[in-house]
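Any read-out appearing in this document is the output of simple, stated calculations on the displayed coordinates, not a laboratory observation. The model shown is predicted, which means the values in this text are computed figures rather than measured ones. Every residue, glycine among them, receives a Cβ derived from its backbone with ideal geometry; neighbour counts consider all protein chains shown.
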């Protein structure tokens, strides 16, 4: 308990690092996932850019990368992280790899949510002469906005989970804090403190997501 | 020159399973629609009418044949040109297909934004349209807050936003109750009469054709089996599928089952007189029967009115001396259609 009080500054740093890693990953991965998800949705047979060759390719790529457990992906993609960010370890490398892994997962969530938009609504937009890009930006995304917000909230929680292994490649964050100061030093209080911070973080973000989604859905 | 002209149009979809024959949704259809008409296309679900109407604004592309809308070829034109063409063709849908994330106002404004109108033009036009459909007070509501009839009125306002020459109505009243259906049909009539917009109505309800259309085409398995003036098709349907549709709204000649019941209840000879606008009046027919000493009782049928023109089938039980009945029927058969049922 005493050592937990001594470690309080480190706990705040770890919390900040988790938010930093997850925030950037959510931004880059979210953007990549949105584009990939829109790509999957629009190239599906019968959709506005229906193209089965492109759809199959995207589909296979997503299916290959999405199921790889993140800790393995982190190790396997290290050369790529080094090539892009200049370093294979630390928070920048983690953000890069996490964004990449998240993009594949997010793409499926985006695709699923876009598929809930009634095809007739898209047809109505086509019938008034709207082009494809305009339909995506002004009809498709606004119509699916409520579920998309909930999907991204879900992804935030998943990213907190995935970011916990950052310590393995020299990154920081609450996962690293719990393992390094709690588990390895036989100090369960420290581990539980990290757990409580994560719970509070997730509750706060889920609440925010719910409020925004309710606003988008007007109910 | 007709406003919409389809010549030998075919639309096939690839088969569901490899190796099967392709599905012909539209099979060699030719159709001319003149400006100012309300053209009804009726058929059961799966007859191909929804596909047919989507060929007109090229939401579906024809496999072969030519489609000319307002002097412009619709088949084999680039997308950019199609989008421009669609500004001239409004469309409303069975499920309304409103943009749920947008207010009523923004739903109606959307086509104008697509057309690149200025803010002032949009303001003026949306106000005018919401007035026209009677929803000025609902401008800031969202579609989910509206009733079915109100949603379709928003759909109509949105379809009319860019002042199109043509309005395509795809089962526009099929999701509505009878009263709301008539309210929407009245509005469509106004669209045609006050704004001079040509309307193509797709429906499986003969009632819609009867109250709204001037011309009708009957579709069955991707083909048009009969087309013409609504009055002609209603008063004298030639094809079996047309007859089935007409019988849903016109109480005509009794079916064999009904005839058996009638024969049990009535003595005498059972005869159906078919009247059409321009034939002898009923009064003169009945006077003649009475003069010939034939007693008659009206046992089945009705008279219908299509835009001021009447037609109908009346089935009578005739009693009297056989010779007198025969003579009377022979005398009448030159002037109206007489059919003895047995």
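Assorted remarks:
- The range B:107-170 shape via C-alpha gyration tensor axes, a/c threshold 1.5: oblate
- Percentage relative contact order, chain A, counting C-alpha pairs under 8 Å, at least six apart: 28 percent
- Here is the tail figure for the range B:16-89: Cα pairs spaced more than 14 Å apart come to 66 percent of all pairs.
- Between helix A:145-163 and chain A: long-axis angle, C-alpha atoms, 0 to 90°, nearest 10: 30 degrees
- Modelled label reach - residue A:12, point 7 Å along Cα→Cβ, the range A:139-176 residues with backbone N closer than 18 Å: A:173-174
- Label-zone membership for the range A:18-45, site residue A:57, 7 angstrom Cα→C-beta point, backbone N under 17 Å: A:35-45
- Note on residue B:303 and residue A:89: the model spin-label points, each 7 Å out from Cα along the C-beta direction, lie 10.1 nm apart.
- Alpha-carbon radius of gyration plus Dmax, which is the widest Cα pair, for the range A:144-183 in Å: 13.7, 43
- With only the Cα atoms considered, the range B:66-140 has a convex hull volume of 130 Å³ per residue.
- A full extension of the chain between residue A:112 and residue A:210 corresponds to an added length of 33.4 nm, given 0.36 nm per residue minus the alpha carbon distance.
- Radius of gyration and maximum dimension Dmax of the range A:1-146, Cα, Å: 19.6, 69
- For chain B: relative contact order, % (alpha-carbon pairs under 8 angstrom, 6 or more apart): 17 percent
- Legend: P(r) of the range A:5-73 from all alpha carbon pair distances, 5 Å bins from 0, whole percents, reading 4, 14, 14, 16, 14, 10, 9, 6, 5, 4, 2, 1, 0.
- Extended-chain gain in nm, criterion 0.36 nm per residue less alpha-carbon gap, residue B:290 and residue B:239: 14.8 nm
- Helix A:188-217 axis, angle to chain A major axis (alpha carbon atoms, nearest 10°): 20 degrees
- Computed from Cα positions, the angle between helix A:52-65 and the longest principal axis of chain A comes to roughly 10 degrees.
- Only alpha carbons enter this Debye calculation for the protein assembly as shown, each as an equal point scatterer, and the log10 of I(q)/I(0) it gives at q = 0.06, 0.10, 0.11 Å⁻¹ is -0.49, -0.94, -1.04.
- On the principal axes of its alpha carbon atoms, chain B extends 81, 55, 37 Å, with the longest extent given first.
- Ratio of Rg to Rh over the range B:38-196 (Cα coordinates, Kirkwood Rh, two decimals): 0.96
- The range A:121-205: C-alpha gyration tensor shape, a/c 1.5 cut-off, then a/b vs b/c: prolate
- GNM top mover of B:242, B:255, B:174 - chain B, alpha-carbon springs below 10 Å: B:255
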